[in-house]
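Contents: one structure, followed by commentary.
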Amino acid sequence: KQEVTQIPAALSVPEGENLVLNCSFTDSAIYNLQWFRQDPGKGLTSLLLIQSSQREQTSGRLNASLDKSSGRSTLYIAASQPGDSATYLCAVVYGGATNKLIFGTGTLLAVQP
Amino acid sequence: EAGVAQSPRYKIIEKRQSVAFWCNPISGHATLYWYQQILGQGPKLLIQFQNNGVVDDSQLPKDRFSAERLKGVDSTLKIQPAKLEDSAVYLCASRLAEETQYFGPGTRLLVL
């Protein structure tokens, strides 16, 4: 069964701290992996997409890495800000034809000012 | 560019009642998805359309859920009759070719 797990479920950090969110998946034959952000009452916003052939992707203060062999991905957030407070979801795609996303349960991040 | 639109944003019904949700994808996006997100969980795919054809509905509870996408544009998701466990956020997403999926704000359903 293809499952995606995220640790921790919740995280609270002071402003300015660097932090790492973890994602693991049971089947390493992924097509790609995405990190999303979800704000209360809003839909999901795609942050980073890593193709199976890539090791990492960067966007501003965000860096996502992918290790297919170990079934893991991390999202690194540098110099966290209160505006980063949200739920972060990891999702994997198996087989590119349908682009079906299998989501983890998410990490609720609170950045304290 | 306008995003994915969904309505209503909130709905409260009693169990055994019927409810329908509407989604208008981004213009030109051939692929449309409906997800169910129960509180504390990640979204789960219910059904995927390619134009007006169903690609994947393996996780759609077909005894009570139905969805259609007439003319390959707007889509509706219906629940009849609703159960308490259907309380969730229903997300619609659309995609163009190999790009990422774009999500709407969701419809929050509470079944009492």
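The values are calculated or read from the model by the stated rules, or taken from the named source; none is laboratory data. Because the structure is predicted, anything quoted here is derived from the model rather than measured. Because the Cβ atoms are built from the backbone with ideal geometry, glycine has one as well, and the counts that use them run over all protein chains shown.
Do we find a residue being within 12 Å of chain B (Cβ to nearest Cβ) and in a loop (DSSP other than H, G, I, E, B) anywhere in segment A:7-20?
Yes, that holds for at least one residue.
Need at least 2 residues that are touching a strand residue (DSSP E or B) at 6+ places or on another chain (Cβ under 6 Å) and within 12 Å of chain B (Cβ to nearest Cβ) per element, so show me which strands (runs of 3 or more DSSP E) inside segment A:63-105 make the cut, counting only ones lying wholly within it.
A:86-93, A:101-103
Could you give every pair whose Cβ atoms fall below 8 Å, whose first residue belongs to segment A:19-33 and is within 14 Å of residue A:49 (Cα to Cα), and whose second residue is charged (D, E, K, R) and at pLDDT 95 or above, counting only separations of at least 6 or pairs across chains?
A:23/A:72
Just wondering, is there one or more residues in segment B:79-90 that are closer than 25 Å to residue A:94 by Cα, at pLDDT 95 or above, within 10 Å of chain A (Cβ to nearest Cβ) and in contact with a Cys (Cβ under 8 Å, 6 or more places away or on another chain)?
Within segment B:79-90 (the criterion being closer than 25 Å to residue A:94 by Cα, at pLDDT 95 or above, within 10 Å of chain A (Cβ to nearest Cβ) and in contact with a Cys (Cβ under 8 Å, 6 or more places away or on another chain)), the answer is no, since none of the residues qualifies.
Identify, please: which residue in segment A:69-113 is within 14 Å of residue A:15 (Cα to Cα) and β-branched (Val, Ile, Thr) and is, among those, nearest to the chain's Cα centre (by Cα)?
Among them, the one singled out is A:77.
Just one of A:49, A:108 is modelled with pLDDT of 95 or more and not in a loop (DSSP other than H, G, I, E, B); which is it?
A:108
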